[in-house]
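In what follows, a single structure is set out as structure tokens and then discussed.
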Amino acid sequence: MDQGFFLLFAAVAVITALIVVLARNPVHSALALMACFLQISAVFVLLEAPLLAVVQIFVYVGAIMVLFLFVIMMIDVREAVLQRFLPGGNLPALVLLVLLGAEMLVLVLSSDRFSATEPAAMGGGDQIRELSTTLFADYLLPFEVASVILLAALVGAIVLARKESG
Amino acid sequence: MVPLWWHISLGVALFVIGAAGVLLRRNILVVLMSLELLLNSVNINFIAFGRYYADFRGQIFAIFVIAITAAEVAVALGIVVALVRNKSTLKVDDVTVMKG
């Protein structure tokens, strides 16, 4: 049951990811990426990480993709639709990608560290409560640093996108 | 249950597809979307390892990755808007001002 669902979600995720890269129109890429993020959040649910699944949908599908579509709407992408798709002379990049994928797959399949079929039993009790206790107790400093980074990004984005006043 | 290496293989597939988008496409918006794909494949790995070794730190790192991604997208799209306003192009090949 789990395996069937995982294969379904993984297949749709890979297909939509291919559409993201292969589509000529950036709007089609953005919509395919949205579908891919939904599949990935379904995989998170299968991994018993419901909080991450919800955060994935909120942040990626709800915020980031809407931001992308908003920018695509603001700027003229008709020229981008016409432009040459995958221009020639990319042989080194293709060889690099094939080598990278083959290397990672060989390492994953030949190692016995990845052969675990049963997940370790999670301690009983409220998992989200334990997760947030760990986050706000042991990882409080990184959490605060992340909030400062978000603030800096907010200010930076406003400064970058502002019209030059002279 | 699903074996661990299935999740890792899904992560590998999405990572290679995202890297292909970053290296082969010339549209800056599609390059940014492929970057999102790369970060998500890493998140799958974090959460899968965290689940199979019963450790919360995988999920915590995934949360930080998502936060950093949100910041990165905000700044990158600001740069894209400034780029379109100043040079009116979307191709990464046309932006070589800093090339030596």
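The values are calculated or read from the model by the stated rules, or taken from the named source; none is laboratory data. It should be emphasised that the depicted structure is a prediction, and the values quoted were computed from it without experimental measurement. Backbone-built Cβ (ideal geometry, glycine too); neighbour counts: all protein chains shown.
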### Query
Just a yes or no: is a residue in the stretch A:51-62 facing chain B (nearest Cβ under 7 Å) and touching a Pro at 6+ places or on another chain (Cβ under 6 Å)?
no
### Task
May I ask you to verify whether A:Leu31 is farther than 20 Å from B:Val65 by Cα and free of Cβ contacts under 8 Å to residues at least 24 places away in the same chain?
yes
### Message
Being surrounded by 17 or more Cβ atoms within 10 Å (Cβ to Cβ), within 9 Å of chain A (Cβ to nearest Cβ) and at pLDDT below 90 is the requirement here; does B:Asn43 meet it?
### Response
no
#### Entry: The one condition in (1) surrounded by fewer than 22 Cβ atoms within 10 Å (Cβ to Cβ); (2) under 25 Å from A:Ser132 (Cβ atoms); (3) touching a Gly at 6+ places or on another chain (Cβ under 8 Å) that B:Gly78 fails to fulfil
(2)
### Task
Go over the candidates B:Val30, B:Val92 one by one and state the one that is farther than 29 Å from A:Val145 by Cβ, within 8 Å of another protein chain (Cβ to nearest Cβ) and not basic (Lys, Arg).
B:Val30
### Task
Could you look through the stretch A:110-129, keep only residues that are exposed (fewer than 15 other Cβ atoms within 10 Å of the Cβ) and within 7 Å of chain B (Cβ to nearest Cβ), and pick out the one that is nearest to B:Ile63 (Cα to Cα)?
A:Met122
### Task
Go through A:Leu51, A:Leu18, A:Leu38, A:Leu33 for me and flag whichever is modelled with pLDDT of 90 or more, farther than 27 Å from A:Ala157 by Cβ and among the hydrophobic types (A, V, I, L, M, F, W, C).
A:Leu18
### Query
Out of curiosity, is A:Val12 more than 9 Å from every other protein chain (Cβ to nearest Cβ) and touching a helix residue (DSSP H, G or I) at 6+ places or on another chain (Cβ under 9 Å)?
yes
### Query
Would it be correct to say that B:Phe64 is at pLDDT 90 or above and either touching a strand residue (DSSP E or B) at 6+ places or on another chain (Cβ under 8 Å) or more than 7 Å from chain A (Cβ to nearest Cβ) (or both)?
no
### Task
With respect to A:Phe5, determine if the residue is more than 7 Å from every other protein chain (Cβ to nearest Cβ), crowded, with 18+ Cβ neighbours inside 10 Å, of a type in the set (Phe, Trp, Tyr) and out of contact with any Pro (no Cβ under 9 Å at 6 or more places or on another chain).
no
### Query
Is it true that some residue in the stretch A:130-144 is β-branched (Val, Ile, Thr), surrounded by 10 or more Cβ atoms within 10 Å (Cβ to Cβ), assigned to a helix (DSSP H, G or I) and within 8 Å of chain B (Cβ to nearest Cβ)?
yes
### Message
Restricting to the stretch B:1-24, give me the number of residues that are touching a residue at least 40 places away in the same chain (Cβ under 8 Å) and at the interface with another protein chain (Cβ under 7 Å from one of its Cβ atoms).
### Response
2
